[in-house]
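This report concerns only the one structure given below.
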Amino acid sequence: MKKQFLFLLLDSILGMSVAQNTYKDSLAAYIHELEIRPASITRDTSLNKTINLYAREYAYFSPDSAIYFSAKALEYAKNAKWDTGMGISYHQMGVFASNKGDNTAALKYLEKALSIWTVNEKSTNTQLKENAYKRKPKTLSSIGIAYDNIGIYTKSLEYYLRALKYYETYNDEKGQATTLGNIGLVYYNLKEYKTALEFYNKALRLDTEIKNYDGIARHLGNMAIVFEEQNMQQKALDYYFKALELKEKYGNPYDAAYTIGNIGNAYASLAESKNNTTSERKSFFNKALEYDTKALQTLQKIGDKNGIARNLGNIGIIYHKQKTDAKAEKNLLKAIAICDEIGMLNEKMDFEIILSEVYLNLGKHKKALEHYKEYSISRDSIFNLEKDKELTSKQLNFDFEKKQAELGIKTEAEKEKAKAVSNEVHKKQQVTIFSVASLLLIVFVFSIFLYSRFRITKKQKIIIEQQKHAVELQKEIVEEKQKEIIDSINYAKRLQLAILATPENITQQVPNNFLLYKPKDIVAGDFYFFETSEKHIFLAAADCTGHGVPGALVSVVCANALTRCVKEFHLTDPGKILDKTRELVLETFKKSGEDVKDGMDISLCSFVNEPNNLTIKWAGAYNPLWYTNNNIMIEIKADKQPIGLTEYAQPFTTHTIQLNSNDMFFLFTDGFADQFGGEKGKKFKYNNLEKLLLANKNLPMKEQNLGLDQAFEQWRGNLEQIDDVCVLGVRL
């Protein structure tokens, strides 16, 4: 469910006015009176001020009207050559555009306002300089909000920090509180929940001291979002209702609508508790729909596209969870259309993956694949947007290459269909190639015969040319089909890589590690697994049935099951994780209606992410654990059963291992040891792998990795790689 954050969108120069007709009418009358006066600088500056005030009356209810009137005010400021008036109008237009979800336009207007304040703060005119110092941090904050809305967190934080410096310099406590709260949102978006709460609490203390009730309500609502992410739904609801009470008393319909939508999300989360009865689940979902619909109606009146998209998407997700997929489809399509219109990448990504599941449930597999591809494209865009950004200059150490969304798609039906289609294409390809080859041979023989009779008739020449053309046409068809198959497999590789952490991700959490990962084909049946919870780190090397496309399909099912065990079921014991993974994998395969014997061998360990921790827990399915003790390699044998269908399934055993400070442990699949090569073309074997790992264990991690790779390639020589290879080495 997409939470709706509450920034301070309108600041003290854009105070919310509850649409009072008398006040509005008096402003309109004064504007009319000014417009009929003779043109002058005084008249134009007065018109700018009054029309700007009039525009604010539409701020939350009709952002398009607010922008229109601000633009009209801007023209009068330009006529008077009044920089401050132009800056205020540009700032308002930017805030109103951000309010309605048009962040591209918002940034354009706000940057114009910022350039005016930057010039004026260097002015020798005291009044201009004071105005610039007062207004510049508000514009900086608003730019930060626009970047936050479109997911460019590095730029967002840069502008927040610049604004905070101004507020601290001039001891503006309200401005400080607002900016600290907005910085908390950046940490929330990066899943740094503890740090986010620290910033919210700092902001809350400041606003409580100065009795800024609007700010207090906003911080309470944002803290509730964090509690909800931490599965503390009841605490989240308590904070939401406290925030809503303040917003309805002191705030405005805009802020209240966002909080009402978030209350709907909290009820939707409560509905999914395992302890619920069917009746309780239905009741919670109905409450969620009630609150989300109420929020949507308010936001539609206001014209806030950000909020409309989020609430439409959330309603669609609730319908999907209630198995009312026709209604889910309708709402999600509307939400995605708005996301495309205003550039909401994060939300589009989340709604696309759910819509893909909806179409799978409706049996519309082609559409399911289309929307899964859209999800993947959005995910890649967000990743590429963030991957080269750094915040170390601002004393913040974030990992911007973290996964932004977990695969939660029901893919098995899609995969079975894809497998069947792939087999059919392969058969047709073989038939086509054989036909073309046969035809080429016939044409070649026939051409020799025709050559000797070349001069007999012109008609025979035409026949030969026609035959040649047919052969070339068939050849082009075969080549095109081959290209389509390779392109599809390469795209499948991108999808498979989406489930794997990058080596840089792993090194961020586990500095002393190496990873040798060598798929046999474009896609692989082997995969490595890396995941973190609040206190634990999980690492595994896994080998799924087969390699190439079939193995890759199984690997996605198994990797998704492992992730669910950690993230959804909050398991930390490796044996229990393997038990639950087996259950989830079998549950997925059963949907085909047949006994699917595919599965996975795996070596899985977990350890607490604390300094000087040398204790690991481990469990294995066929694949063992090796660890060094001085110059000895010790093996912990795995349970002799796979993750998959087995006749006598037993619970997996968890082993606890105490390492010494210089020890290493290794997780691996069978691909390295089973590789044929050497002078006699035999297998490399496990005893040679053990010797190689022991010999290299004191080298730096990069050199260990390089040494393994070189040894493998030298052993293989000119022989084909027979299986996927995956070896992980770690020193705590």
Any chance you could tell me what percent of the C-alpha pair distances in the stretch 7-129 go past 19 Å? 47 percent
Using the basic label-point model (7 angstrom from Cα toward the beta carbon), what is the GLN234 to GLN300 distance in nanometres? 3.5 nm
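Compute the length gained on full extension between ASN660 and LEU699: take 0.36 nm times their separation in residues and subtract their Cα-Cα distance, giving the result in nm to one decimal.
Value of the extension gain: 12.3 nm.
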Sorting LEU185, GLY85, ASN103 by the position of each Cα along the dipole of the stretch 70-205 (Lys, Arg +1; Asp, Glu -1; all at Cβ), the one nearest the positive end of that ordering is GLY85
Could you give the dipole magnitude of the stretch 7-129 about its Cα centre, charging the beta-carbon of Lys and Arg +1 and that of Asp and Glu -1, in debye to the nearest 20? 260 debye
Given points 7 Å out from each Cα along the Cα-Cβ axis, report the TYR648 to ARG281 separation in nanometres with one decimal. 3.6 nm
When the C-alpha atoms of the stretch 585-732 are aligned to their principal axes, what extent does each axis show, in angstrom, from largest down? 50, 45, 21
Using the Cα centre of the stretch 615-671 as the reference point, and only Cβ charges (+1 on K/R, -1 on D/E), how large is the resulting charge dipole? Debye, rounded to the nearest 20. 100 debye
Among the listed pairs LYS366/LYS483; LYS191/LYS367; LYS100/LYS567, those beyond 27 Å (Cα-Cα): LYS191/LYS367; LYS100/LYS567
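Place the peptides 23-33, 581-591 in order of packing, highest mean first, counting for every residue the other Cβ atoms within 10 Å and averaging per peptide. Could the numbers behind the result be given before it?
Details: 23-33: 13.3, 581-591: 19.1.
So the order, starting with the most tightly packed, is 581-591, 23-33.
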The rounded separation in angstrom of the Cα centers of the stretch 657-732 and the stretch 300-347 is 50 Å
Ranked highest first by the average count of other Cβ atoms within 10 Å around their residues, in what order do 212-221, 334-343 fall? 212-221, 334-343
Would you work out which of THR646, ASN696, GLN710 lies farthest towards the positive end of the dipole of the stretch 500-730? Charges go on Cβ: Lys and Arg +1, Asp and Glu -1. ASN696
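None of the figures in this text is laboratory data; all of them are computed from the coordinates on show. Note that the coordinates shown come from a computational prediction; the quantities given were computed from them, not determined experimentally. Cβ coordinates were reconstructed from backbone atoms using ideal geometry, including for glycine residues, and neighbour counts include every protein chain displayed.
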